[in-house]
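Just so it is clear, none of the values below were taken in a lab; they were calculated from the coordinates. Computed from a prediction, not measured in an experiment: that's the story for all the values here. For neighbour counting, all protein chains shown are included, and Cβ atoms are generated from backbone atoms with ideal geometry for every residue, glycine included.
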Amino acid sequence: MNQFPRWAWVPFWLGIAFLAIPLAAMFVRVPWSALPELLASDRAQDALRLSLLTCLMTTAIVLLLGVPLALVLARSRRPWVRALRTLVTVPMVLPPVVAGLALLTAFGRRGLIGAHLSAWGIDIGFTTIAVVIAQTFVALPYLVIALEGALRSAGSRYERVAANLGASPSRVFWRVTVPIAAPAIASGTALAFARALGEFGATLTFAGSLQGTTRTLPLEIYLLRESDSDLALALSVVLIAVAVVIVAISTKLSSGTGERVVAHG
């Protein structure tokens, strides 16, 4: 017996076509024979290297901040902590340019915090550090939301049992919570990495576009779209390939999270 009405196939295939046709059109236009040469150019190598470096740094920071943040949001019963959940999700819905302006007014040379740092000779805006900050700002919520939802679904009974047996909160975290939430942590990390890799607006506004310093793959593609469309398409293929791999990994790990929660239930 079908789980849905037959007419659902019509919007299903329309939606698939709407998503697939633009990607297919791009792949048709890519100069495949010249792809290795295009990706070996200095501009491509600089953008690829910078994107990989900053995304790895961003992912490490997201893990360091995001896992404890999600844990407190999922487990704390204090009303003001739950109210802060809205703040965590704000970067997900902010226009990228607005996010960049917010970072600039906070960490720019004349910003709320940046002005004090500048007095000490520390300038963040329009540096590689600014790229990492922009990427972290927009990517952090993806890990937090994914992990918080998994922790809420899994419940806290295993942590309570471990605590009743004498385990310290830190031991419970490392020996019970982390293993249970491992698939969600991995899935959220993959999504955060993908979001950081595709970040454009906040990076451009806060960090600028300096080759080898702040010009990541999305910025390079934007600048090349008219001057060198072949290279822009080649770099776009790289981004799409990475995105497909990341989404596949995230989907696989998300299904693993569901199986883990059911098993523990």
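Here are some notes:
- Only helices enter this figure: runs of n ≥ 4 DSSP H residues, each worth -39500 (n - 2.57), summed and divided by the residues of the chain, yield -25500 deg cm²/dmol at 222 nm to the nearest 500.
- Cut-off 13 Å between beta-carbons: net charge of the residues surrounding Ser168, Lys and Arg +1, Asp and Glu -1: +1
- Label zone at Leu112 (point 7 Å along Cα-to-Cβ), backbone N below 12 Å, the stretch 71-104: 102-104
- Membrane-span-like helices in the chain, defined here as complete DSSP H runs extending at least 20 Å along the helix axis by their C-alpha atoms with mean Kyte-Doolittle hydropathy no lower than 1.6, are 9-29; this is a sequence and geometry rule, not a statement about a membrane.
- Largest GNM mean-square fluctuation across Ala115, Ala24, Ala146, computed for the chain with C-alpha springs under 10 Å, falls on Ala24.
- Its Cα gyration tensor gives the stretch 130-255 an equivalent ellipsoid, and the semi-axes of that ellipsoid, as √(5λ) in whole Å with the largest first, are 39, 16, 9.
- Look at where the Cα atoms of the stretch 3-23 and of the stretch 122-184 average out, and the two centres are 36 Å apart.
- Filtered trypsin sites (Lys or Arg not before Pro), the stretch 89-166: DSSP coil and at most 12 other beta carbons within 10 Å: Arg110
- Farthest positive-ward along the stretch 35-264 dipole, Cα basis, beta-carbon charges - from Ala163, Leu104, Val238: Ala163
- Column: log10 I(q)/I(0), Debye, Cα scatterers of the chain, q = 0.07, 0.10, 0.11 Å⁻¹: -0.33, -0.65, -0.76
- The relative contact order of the chain comes to 28 percent, based on Cα pairs under 8 Å that sit 6 or more residues apart.
- Using 0.36 nm per residue and subtracting the Cα-Cα separation, the extra length available between Met92 and Asp230 on full extension is 46.5 nm.
- From least to most packed, judged by other beta carbons within 10 angstrom and beginning with the fewest, Trp7, Trp32 follow the order Trp7, Trp32.
- Using the Cβ of Ile145 as centre and a radius below 12 Å, the other residues enclosed give a net charge of +2, where K and R count +1 and D and E count -1.
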